[in-house]
Amino acid sequence: MFLKRFGPYFSYLKPVRKQFALGLGFGLISAAASGAGLPFIIKFLVPLVTSDDKPQGMALILLLSSIPLAFTLRALGGFLNAYYMAYAGMHVLERLRIMVFEKIQHLPLAFFHKNNVGDLMSRVMGDTGQLQTALVKVVNSLVKEPATLVSAIGFLIYLTISESEVAFMLIALATIPACVLPIRAIGTRILKKSRQAQQQAGELNNVLNENLSAVREVRAYNLETREINRFTAAVRKLFQLALKTVKYDKMLSPLIELTTAFALSFSLYVAVQRNISPEVIASILTALYMCYEPIKKLGGVSNTIRKAQASLDRLEYVLHTDDTVPEADNPKPLTAVTGEICFNNVTFAYDNEVALNKVSAKIEPNQAIALVGPSGAGKTTFANLVPRFYDVIQGSVTLDGVDIRELSKADLRSQIALVSQESLLFSDTIANNIRLSKVDATLDEVKEAARMAHAHDFIEAFEDGYETLVGERGSRLSGGQRQRIAIARAFLKNAPIIILDEPTSALDAESEHQIQAALEGLSKGRTVLIIAHRFSTIQHADRIFVFDDGEIIANGTHTELYQSNPLYTSLYDKQAKTALSTNSEPTES
Ligand SMILES: Nc1ncnc2c1ncn2[C@@H]1O[C@H](COP(=O)(O)OP(=O)(O)OP(=O)(O)O)[C@@H](O)[C@H]1O
Ligand SMILES: [Mg+2]
């Protein structure tokens, strides 16, 4: 059962099999020294003190040195066992975390709409730890503890043979099953509780994560109390669930001790009745005491396995998630891309909500296409289908006549430069953030791209220039600065297809105007999809697609659409009015 469930994951131990084996070996030495060594010593040393003809000189020294020797074996074996097991364990944990993280890198965007960040974090950090415990500690316990038990019981058998006190031994051994039975019953209860507690830990993570990424909103809307209450509620719930687990978990050892105590006094009663010698009683007690810890630990093993099973379920949920945007079996090679993109009768839905309904469109190479329409009409969705962030449900999207599902994702995406609606920067320098699109770019290339994106001047104005650290998610820069760095990134990539989702929304009219010019330069000889609310941006497009409620209801040039399409006309007029009233640049063509 244990092997069947966890078996495949033991391959993670392969690179550290030497350490793992060494650890187990030292565990066995320590087990033998504890289980049989110590009772033996008691049996032979007690008569030294009590008997009349005591050994003297060298003989005495040799006899006595068996004490430190046995303890050295026990201690050193125990230490090396723990050390090597920890070594193997940390290695396994590292690999498990990397494996889950790798999987997460390749999961489609849709996965992240369904699963929140806090929960995923607790899977990567917490659940991998539980699995590590199962793989390393459980195996260690399953080898070391039975070995201690066997050597202690072996000693007891040796005693029974040499002293023929069979009854005493049988009674003593009867304590063991008496302890194991209640442990099993409790284990089943713990499983349920621990599953809930893990889930709640994810929930708590999520509340915390959401709060920390919305510090501004919390203050702006006076949400502090609401947030504190939300966090307190989540913490309380975790407390209650965890407490239940603790209750059952911690009930185990007292229960075992209690049963053992009863069995012991009964055994002693039998011993007194039978006139058993003190050294035999003492060594039997030692052997029994040596059995106590293995039994306790073995009882705990089944609980650990159950907890790890719950964690493994949560990990496998991530590991076994199907890629809804799968890689083609034999991807077609992508050679010189001209940049013709076709949407053929494309339908797409997020879960059940249809976002694009039977959309057909043809984008000629080197054309600049503007996507306009009311909020929620499906513009971003349309653009996201081109780099295959999602796959269509019906119909197809083709690049140069090839269905993009037949290309490798890496090839396809290498042909597309994207500036998304919310540009995110990594916590690194400005230069490295621009370089993301071309890792081997020289500083001169980076600067050139920044110049084209009108970012060079503000970057140079920083004390550290291109080496300025942007902070987490780029928090040390303004929205407009972030956007320009994202645009510089797209310039540097120099790809034949460019997708711009409101690239200038966070810019003032002046910078927008400048970027506008730069974008026009960038667009030459490339296929461009640009989503914009500002009509100053749109007018320069070769063609405009008007989106409404998941459909392209019209397409044409600005002049054509202004005359023929009421939605376009009204969107445009509204913009022109706002532009005039805010006294920004005129929007007439
Ligand atoms: N991750 C998602 N999960 C579920 N529904 C989504 C998701 N993203 C978008 N939608 C829905 O799909 C529809 C189209 O959204 P989309 O983002 O394409 O609109 P848009 O035209 O880009 O709007 P805007 O101008 O506001 O950016 C909307 O009804 C939206 O609610
Ligand atoms: Mg959008």
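Values as computed for the structure displayed
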item	result
Residue list for region 376-417, filter: of a type in the set (A, V, I, L, M), open to solvent by 30 Å² or more (accessible area, probe 1.4 Å) and not in a helix (DSSP H, G or I)	Ile393, Val402
Some residue of region 353-363 being within 24 Å of the chain's Cα centre (by Cα), more than 16 Å from ligand 1 (Cβ to nearest atom) and in contact (Cβ under 8 Å) with a residue 12 or more places away in the chain	no
Residue check, Arg484 closer than 14 Å to Leu418 by Cα and buried (at least 19 other Cβ atoms within 10 Å of the Cβ)	yes
Filter result (of a type outside the set (Gly, Ala, Ser), closer than 22 Å to Ile498 by Cα and open to solvent by less than 60 Å² (accessible area, probe 1.4 Å)) within region 321-356	Val325, Leu334, Val337, Glu340, Ile341, Cys342, Phe343, Val346, Phe348, Leu356
Selection within region 498-511 - touching a residue at least 24 places away in the same chain (Cβ under 8 Å) and either out of contact with any Leu (no Cβ under 8 Å at 6 or more places or on another chain) or closer than 21 Å to Ile430 by Cα (or both)	Leu500, Glu502, Pro503, Thr504, Ser505, Ala506, Leu507, Asp508, Ala509, Ser511
Within region 544-578, tally of residues that are at negative phi, open to solvent by less than 30 Å² (accessible area, probe 1.4 Å) and part of a strand (DSSP E or B)	5
Matching option when the condition is open to solvent by less than 70 Å² (accessible area, probe 1.4 Å), at pLDDT 90 or above and under 28 Å from Gly378 (Cα atoms), among Ile499, Ile434	Ile499
Every pair of residues 6+ apart whose Cβ atoms lie under 7 Å, when the first sits in region 376-397 and is closer than 11 Å to Tyr350 by Cβ while the second is within 14 Å of ligand 1 (Cβ to nearest atom) and among the hydroxyl-bearing types (Ser, Thr, Tyr)	Asn384/Tyr390; Ile393/Thr347
Boolean, Arg473 is open to solvent by 10 Å² or more (accessible area, probe 1.4 Å), in contact with a Ser or Thr (Cβ under 8 Å, 6 or more places away or on another chain) and at positive phi	yes
Pairs where the first residue, in region 416-441, is over 11 Å from Pro503 (Cβ atoms) and the second is of a type in the set (S, T, N, Q) and open to solvent by 10 Å² or more (accessible area, probe 1.4 Å), C-beta under 6 Å, 6+ apart	Ile430/Thr468
Residues located in region 278-297, provided they are closer than 14 Å to Glu163 by Cα and without any contact (Cβ under 8 Å) to a residue 40 or more places away in the chain	Ile281
Residue within region 34-52 that is charged (D, E, K, R), within 50 Å of the chain's Cα centre (by Cα) and in a helix (DSSP H, G or I) present	no
Condition check for Lys409: out of contact with any Pro (no Cβ under 6 Å at 6 or more places or on another chain) and away from ligand 1 (no atom under 16 Å from the Cβ)	yes
Residue list for region 352-375, restricted to those being more than 13 Å from ligand 2 (Cβ to nearest atom) and not in a strand (DSSP E or B)	Asn352, Glu364, Pro365, Asn366, Gln367
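Each row is one residue, and each column tells you yes or no for (1) assigned to a helix (DSSP H, G or I); (2) within 16 Å of ligand 1 (Cβ to nearest atom); (3) more than 18 Å from Ala377 (Cα to Cα); (4) modelled with pLDDT of 75 or more.
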{"residue": "Arg489", "(1), (2), (3), (4)": "yes, no, yes, yes"}
{"residue": "Gln514", "(1), (2), (3), (4)": "yes, no, yes, no"}
{"residue": "Ala518", "(1), (2), (3), (4)": "yes, no, yes, no"}
{"residue": "Gly521", "(1), (2), (3), (4)": "yes, no, yes, no"}
{"residue": "His540", "(1), (2), (3), (4)": "no, no, yes, yes"}
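The values are calculated or read from the model by the stated rules, or taken from the named source; none is laboratory data. These numbers come from a predicted model, not from an experiment. Neighbour counts are summed over all protein chains in view; Cβ atoms, including those assigned to glycine, are modelled from backbone coordinates with ideal geometry. When the accessible area is computed, the model is the full protein with side chains, heavy atoms only, and any ligands, DNA or RNA have been set aside. Shrake-Rupley method; radii C 1.70, N 1.55, O 1.52, S 1.80 Å.
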